Amino acid sequence: MAFVEVACVISLKRLYFRDLLDYVFLRAGTGFPSRLTDLDLVFLVPRPWIAPVWLACLGSLLCAAGAQVLSRWGGSSRWRKQGV
């Protein structure tokens, strides 16, 4: 697996963990979201994107699946021996 592919896998893994943990800590600290259908501000730039919480969670899970596929797809054995 080339350096760029490894960087993509690492970035995707960080992204989905951070997004899901954001909602866990928001729920624990503020009580939001009370339901998966609550609206949330997903992106602010260039225009605000407002979507239900379940959609953001689905995006995080798709990132997790993509990272899993990329980490198992192709690449040299050299990277696998290093644990990347």
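The values are calculated or read from the model by the stated rules, or taken from the named source; none is laboratory data. Only a predicted model underlies this, so the values are computations on that prediction, with no experimental measurement involved. No Cβ is skipped: glycine too gets one built from the backbone with ideal geometry, and neighbour counts run over all protein chains shown.
Taken over the range 29-60, residues that are part of a strand (DSSP E or B) and over 23 Å from R14 (Cβ atoms) amount to 3.
Applying a threshold of 7 Å to beta carbon distances and a minimum spacing of six or more residues, or different chains, the list of pairs starting in the range 10-22 at a residue that is under 13 Å from A65 (Cα atoms) and part of a helix (DSSP H, G or I) and ending at one that is at pLDDT below 85 and not small (G, A, S) reads L12/C63; L15/C63; Y16/C63.
Counting only residues that are free of Cβ contacts under 8 Å to residues at least 24 places away in the same chain, more than 27 Å from E5 (Cβ to Cβ) and touching a strand residue (DSSP E or B) at 6+ places or on another chain (Cβ under 7 Å), the range 39-66 holds 8 of them.
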